[in-house]
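Enquirer: Take a look at this one; I'll ask things after.
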Amino acid sequence: MTATQLVADALACLRRERPDAHALFRDALGARTLAITLDREAFAVADGAIAPHDARAPVTITTTSATLDAILNGRIAVIDALLADDLELRGDADDLIRVAAAMNTFLQGAVRCASMPALAHRLAQQARGEPT
């Protein structure tokens, strides 16, 4: 399973099971495109869905499945991941604040999706280097 597919599946899960949260996520993100590099795999999120990588995106996020899994499971705080260079966020302050709000909205909806635990399990497997 690719990192792109995992994120695509999480976005699709939110859209399918919590369309209200998906709409709020899209609204919070606005017209911004997020350039994401996860496990050295580059892609983007735009308009609430996966898009081709855009190096000109106003916000870039770079991390690994292991760091993302650790953050989501409370083993490391976002600030500690940033300080350890395990998570890199780039963008101007206004864009980063909007992306943080969008991610908070995504997470609030995701925890209410019945299918999300299976996706979290796939993330953990990917973080450990196991086939998914």
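Enquirer: In the range 2-44, how many are assigned to a loop (DSSP other than H, G, I, E, B) and on the phi < 0 side of the Ramachandran plot?
Expert: Total meeting the criteria: 4.
Enquirer: Looking only at the range 16-31, filter to residues that are among the charged types (D, E, K, R) and over 14 Å from the mean Cα position of the chain (by Cα); which one of those is nearest to Asp92 (Cα to Cα)?
Expert: Taking the candidates together, the pick is Asp27.
Enquirer: Additional query: Taking the range 1-57 as the search range and keeping residues that are out of contact with any Phe, Trp or Tyr (no Cβ under 7 Å at 6 or more places or on another chain) and of a type in the set (Ser, Thr, Tyr), which one is modelled with the highest pLDDT?
Expert: Only one residue tops the list, namely Thr37.
The values are calculated or read from the model by the stated rules, or taken from the named source; none is laboratory data. Computed from a predicted structure; not experimentally measured. All Cβ positions, even for glycine, are placed from backbone atoms using ideal geometry, and neighbour counts span all protein chains on display.
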